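Report on the following structure.
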Amino acid sequence: MSKTKKVSPGKSSPVKIDKSKSVWAYSLFTDYDVDLFLVGKHFRLYEKLGSHLITVDGVKGTYFAVWAPNAIKVGVAGNFNDWNRESHPLNKRWDKSGVWEGFIPDVAKGETYKYFVKGFDESEHLKGDPYARRWEHPPQTASIVWDTDYTWKDKAWLGKRAKLNALDQPITVYEIHLGSWERDPDNPKRVLNAREVAGRLVPYVKEMGFTHVELMPVMEFPFFPSWGYQITGYFGASSRYGSPQDLMYLIDELHKANIAVILDWVPSHFPGDRHGLYEFDGTHLYEHADMRKGFHPDWKSYIFNYDRNEVRSFLISNALFWLDQYHADGLRVDAVASMLYYNFSREEGDAATNEYGGSENLGAIQFLQDLNVAVYGNFEGVQTIAEESSTYPGVTHPVYAGGLGFGMKWMMGWMNDTLKYFKIDTLGRKHHHHQLSFSMTYAFTENFMLPFSHDEVVHGKSPMLYKMPGDDWQKFANLRALYGYMFTHPGAKLLFMGNEIAQTNEWNFTQSLDWHLLQYPPHKGMQETVKALNFLYRKEPALYHFNFSHEGFEWLDADNTNESVFVYMRKGPKPKDTLVIAINLTPVVREHYRIGVPFKGKWKEIFNTDDITYYGSGINNKGDIVPNKDGFNNQQYSIDINLPPLATVIFKSK
């Protein structure tokens, strides 16, 4: 039996309740709630709208409230009334809120329901609840009366989150699709729920050394091949992964293991399924009525009307809901570029313009700024991350300085340039040398996260391993060197699941990862490489402390095009933190290779992707390396090293 809350009516609620009616006139809204909602500043709407298990005058039941300002009738239909559309009509509030509401006695937790909405044009719609906490398992589409009650055990994590999730700390993210990380071994077609996945996922992430996980969308969505990016139930944990409490359990277990949780969030568009947000009250309520602004031509989905105050309240309330009720530590905001520009992916002449004739969506810009102000103002130690592919300036700059206010931004240019370079045959890389070094010309213009995400290993793009040139050994060596470069390049890190074991197939959302590959030494070596890089990254302040500042990086040699060698320093808050990184991106062993170093003390190799532990050839630099007094690379001293083939090597002064 679920708990119900005893509540008293809001200040604007009727005091007298007519108990003879099927729906009691009752409200959780106050006049202040309505005022905030109408100006786009109510960011806790999930406490008011939707279905809520409460007790009124000693009677248990459910309070329903839905925004449908242009409807002429709204009722609740469900199993409790044999889906009768007329028997339980809600009451429209007498103010300008457009909210329909009422209390229905004896409707308990687990009840399925929809709203029957009659539009002003007499059109009839059966709609799911935009604020429902739970939904039926697709293809069923009804909402379910539920709660988000859970006894959390992550107080210790929340107490230290602000420190561990800060931008001067190591951030290495494991991106996960819950439906395909691991399936039921006895029935591979069955998707495990979040509680079941937790038993193996949490210790695995901890063992691998990732500091964060990013869950691809876990909100309710109707079409499994959309991977969760076409959401109909923004406040509901997807039934594909169990109950809301199952997801909370997974997050709780990750927190107890000191692993932060980022949730993918999609405020950019939604599908046109008839039970969802589209034409909710018979009009373009959530989406923009002008289809040049309200329809996405690539995804055949609908774009939120960011100019509408109530829609901004809905979306920002949704962001805060996942941080509040699910203890999420961050939100990765999907497809930000598509929100910022009316002409995103549109032919010339098909795009709208703003009031000044420009292509920027000013309402979306204001929404994103309001979002980040609300998130950072209400929760300590969280982060927002923009998946933003354009050159829009100031994505991670403060709102007060004219920026959008995100904590981090995906470094899409780095990802594209890096993969293009690594795909080139090693003999031809000298002709594309500065394609790899170019990122340092803009690396500190934003707080960047370096992503190798799910998008890079689907739709014919091939798995990471087969993007690499050469024979099998060279493919693995190239990929290890790439990861070494990634983890020593400024910025936070993100790897999609399976990249750490060098999947040989593109990601397939209908099955588990190919865990059987770990029986083969090259794949096990790749996993060990990523594990070692994660722990080295977390151990060495030079690799993370100045991730977003030029103070943490210095080129030693960016111009050795003929040999395809890159040498640079990473710096921490203390001189002794300094690391020197040398990368050889040809299959040629370079003995007695000279590189400059800043200190005269002895140096030591602390990491080498060519180590035999990682299935490398074992060419390394044993013991102490004594510097020469001859300066080199604009440094006072230099050392002679063995530079392995297709490898990243890291040195540190003792």
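What's the total number of residues in region 415-430 that are out of contact with any helix residue (DSSP H, G or I) (no Cβ under 7 Å at 6 or more places or on another chain) and either surrounded by fewer than 15 Cβ atoms within 10 Å (Cβ to Cβ) or outside any helix (DSSP H, G or I) (or both)?
The number of residues fulfilling the criteria is 4.
Among the listed residues Asn628, Asn621, Asn634, which satisfies the condition of being out of contact with any Pro (no Cβ under 8 Å at 6 or more places or on another chain), assigned by TED's automatic domain parsing to the domain that holds Val567, at positive phi and not β-branched (Val, Ile, Thr)?
Details: Asn628 fails: at positive phi; Asn621 fails: at positive phi.
After ruling out the rest, the residue left standing is Asn634.
Any idea which of (1) surrounded by fewer than 20 Cβ atoms within 10 Å (Cβ to Cβ); (2) touching a strand residue (DSSP E or B) at 6+ places or on another chain (Cβ under 6 Å); (3) of a type in the set (Asp, Glu) is the one Glu446 doesn't satisfy?
In the conditions (1) surrounded by fewer than 20 Cβ atoms within 10 Å (Cβ to Cβ); (2) touching a strand residue (DSSP E or B) at 6+ places or on another chain (Cβ under 6 Å); (3) of a type in the set (Asp, Glu), Glu446 misses (1) alone.
Among (1) touching a residue at least 60 places away in the same chain (Cβ under 8 Å); (2) farther than 30 Å from His397 by Cα; (3) among the hydroxyl-bearing types (Ser, Thr, Tyr), where does Thr578 come up short?
(2)
Would you check if Phe270 is under 25 Å from Asp149 (Cα atoms), buried (at least 22 other Cβ atoms within 10 Å of the Cβ) and aromatic (Phe, Trp, Tyr)?
Numbers: under 25 Å from Asp149 (Cα atoms): no; buried (at least 22 other Cβ atoms within 10 Å of the Cβ): yes; aromatic (Phe, Trp, Tyr): yes.
For Phe270, the condition - under 25 Å from Asp149 (Cα atoms), buried (at least 22 other Cβ atoms within 10 Å of the Cβ) and aromatic (Phe, Trp, Tyr) - is not met.
In region 159-169, is there at least one residue being touching a Lys or Arg at 6+ places or on another chain (Cβ under 8 Å) and surrounded by 21 or more Cβ atoms within 10 Å (Cβ to Cβ)? Spell out how you get there, then give the answer.
Just the residues of region 159-169 that are touching a Lys or Arg at 6+ places or on another chain (Cβ under 8 Å), to begin with: 169.
After this cut, where a residue has to be surrounded by 21 or more Cβ atoms within 10 Å (Cβ to Cβ) as well, the list is none.
No, region 159-169 has no match at all.
The conditions are (1) more than 30 Å from Ile171 (Cα to Cα); (2) surrounded by fewer than 22 Cβ atoms within 10 Å (Cβ to Cβ), and Tyr302 fails exactly one of them. Which is it?
Single failed check for Tyr302: (2).
Of the residues Ser462, Ser512, which is at pLDDT 95 or above, on the phi > 0 side of the Ramachandran plot and surrounded by fewer than 24 Cβ atoms within 10 Å (Cβ to Cβ)?
Working: Ser512 fails: on the phi > 0 side of the Ramachandran plot.
Ser462 is the lone residue from the list that is at pLDDT 95 or above, on the phi > 0 side of the Ramachandran plot and surrounded by fewer than 24 Cβ atoms within 10 Å (Cβ to Cβ).
Residues in region 161-183: is at least one farther than 29 Å from Asp298 by Cα, of a type outside the set (Phe, Trp, Tyr) and over 23 Å from the mean Cα position of the chain (by Cα)? Step through it out loud before you land on a result.
At the first step, the residues of region 161-183 found to be farther than 29 Å from Asp298 by Cα are 161-172, 182-183.
Cutting the leftovers down to of a type outside the set (Phe, Trp, Tyr) gives us 161-172, 182-183.
So of that shortlist, the ones also over 23 Å from the mean Cα position of the chain (by Cα) come out as none.
The answer is no, given that none of the residues of region 161-183 is farther than 29 Å from Asp298 by Cα, of a type outside the set (Phe, Trp, Tyr) and over 23 Å from the mean Cα position of the chain (by Cα).
Among the residues of region 247-297, write down those that are of a type in the set (A, V, I, L, M, F, W, C), in a strand (DSSP E or B) and closer than 24 Å to Val375 by Cα. I'd like the intermediate steps shown before the answer.
From region 247-297, those of a type in the set (A, V, I, L, M, F, W, C) are 247-248, 250-251, 254, 257, 259-263, 265-266, 270, 277, 280, 285, 289, 291, 295; that's our starting set.
After this cut, where a residue has to be in a strand (DSSP E or B) as well, the list is 260-263, 265, 270, 295.
Selection gives Ala260, Val261, Ile262, Leu263, Trp265, Phe270.
How many residues are surrounded by 21 or more Cβ atoms within 10 Å (Cβ to Cβ) and either over 18 Å from Tyr63 (Cβ atoms) or hydroxyl-bearing (Ser, Thr, Tyr) (or both) if we restrict to region 118-140? Before the answer, list the steps.
Residues of region 118-140 that are surrounded by 21 or more Cβ atoms within 10 Å (Cβ to Cβ), as a first pass: 127-135.
Adding the requirement that they be either over 18 Å from Tyr63 (Cβ atoms) or hydroxyl-bearing (Ser, Thr, Tyr) (or both) leaves 131, 135.
Adding up the residues that qualify gives 2.
Any idea which of (1) within 29 Å of Arg161 (Cβ to Cβ); (2) touching a residue at least 40 places away in the same chain (Cβ under 8 Å) is the one Asp455 doesn't satisfy?
Checking Asp455 against (1) within 29 Å of Arg161 (Cβ to Cβ); (2) touching a residue at least 40 places away in the same chain (Cβ under 8 Å), the one that fails is (2).
Just to check your reading of the model, which residue among Leu513, Leu495 is assigned by TED's automatic domain parsing to the domain that holds Gln435, of a type outside the set (Phe, Trp, Tyr), more than 19 Å from Leu646 (Cβ to Cβ) and assigned to a loop (DSSP other than H, G, I, E, B)? Talk me through it step by step, then tell me what you get.
Numbers: Leu495 fails: assigned to a loop (DSSP other than H, G, I, E, B).
Result: Leu513 is the single residue among Leu513, Leu495 that is assigned by TED's automatic domain parsing to the domain that holds Gln435, of a type outside the set (Phe, Trp, Tyr), more than 19 Å from Leu646 (Cβ to Cβ) and assigned to a loop (DSSP other than H, G, I, E, B).
If Ala237 passes every condition in (1) within 16 Å of Trp322 (Cα to Cα); (2) in contact with a strand residue (DSSP E or B) (Cβ under 6 Å, 6 or more places away or on another chain) but one, which one does it miss?
(2)
Just checking, which of Met415, Met411 is of a type in the set (A, V, I, L, M, F, W, C) and closer than 19 Å to Pro469 by Cβ? So that I can check it myself, show each step before the final result.
Details: Met411 fails: closer than 19 Å to Pro469 by Cβ.
Of Met415, Met411, the one residue that is of a type in the set (A, V, I, L, M, F, W, C) and closer than 19 Å to Pro469 by Cβ is Met415.
What number goes with the only condition from (1) surrounded by fewer than 22 Cβ atoms within 10 Å (Cβ to Cβ); (2) in a loop (DSSP other than H, G, I, E, B) that Ser437 does not pass?
If we test Ser437 against (1) surrounded by fewer than 22 Cβ atoms within 10 Å (Cβ to Cβ); (2) in a loop (DSSP other than H, G, I, E, B), just (2) comes out false.
Here is a check on your reading of the model: is Ile612 outside the structural domain of Val457 (by TED's automatic domain parsing) and either at positive phi or of a type outside the set (Ser, Thr, Tyr) (or both)? Outline the logic, then answer.
Working: outside the structural domain of Val457 (by TED's automatic domain parsing): yes; either at positive phi or of a type outside the set (Ser, Thr, Tyr) (or both): yes.
Yes; evaluated as a whole, the condition is true for this residue.
Looking only at strands (runs of 3 or more DSSP E) that lie completely in region 316-414, which have at least 2 residues being crowded, with 21+ Cβ neighbours inside 10 Å, within 15 Å of the chain's Cα centre (by Cα) and among the polar types (S, T, N, Q)?
Of the strands (runs of 3 or more DSSP E) lying wholly inside region 316-414, those with at least 2 residues that are crowded, with 21+ Cβ neighbours inside 10 Å, within 15 Å of the chain's Cα centre (by Cα) and among the polar types (S, T, N, Q) span 383-386.
Quickly run through region 451-472 and pick out the residues that are out of contact with any Leu (no Cβ under 8 Å at 6 or more places or on another chain) and assigned to a helix (DSSP H, G or I).
Those that are out of contact with any Leu (no Cβ under 8 Å at 6 or more places or on another chain) and assigned to a helix (DSSP H, G or I): His454, Asp455, Val457, Tyr466, Asp472.
Go through the residues of region 159-173 one by one and say whether even a single one is among the polar types (S, T, N, Q), within 20 Å of Leu331 (Cβ to Cβ) and in contact with a helix residue (DSSP H, G or I) (Cβ under 8 Å, 6 or more places away or on another chain).
The first filter runs over region 159-173 and keeps only residues among the polar types (S, T, N, Q), leaving 165, 169, 172.
Add one more test, that the residue is within 20 Å of Leu331 (Cβ to Cβ), and what stays is 165, 169, 172.
Now restrict to residues that are in contact with a helix residue (DSSP H, G or I) (Cβ under 8 Å, 6 or more places away or on another chain): 169, 172.
Yes, the conditions are met somewhere in region 159-173.
Please verify whether region 325-336 includes one or more residues that are without any contact (Cβ under 8 Å) to a residue 24 or more places away in the chain, within 26 Å of Met440 (Cα to Cα) and not β-branched (Val, Ile, Thr).
Within region 325-336, the subset without any contact (Cβ under 8 Å) to a residue 24 or more places away in the chain is none.
No, region 325-336 contains no residue that is without any contact (Cβ under 8 Å) to a residue 24 or more places away in the chain, within 26 Å of Met440 (Cα to Cα) and not β-branched (Val, Ile, Thr).
The values are calculated or read from the model by the stated rules, or taken from the named source; none is laboratory data. Given the structure is predicted, the values throughout are model-derived calculations rather than measurements. Counting neighbours? That spans all protein chains shown, and the Cβs are built from the backbone with ideal geometry, glycine included.
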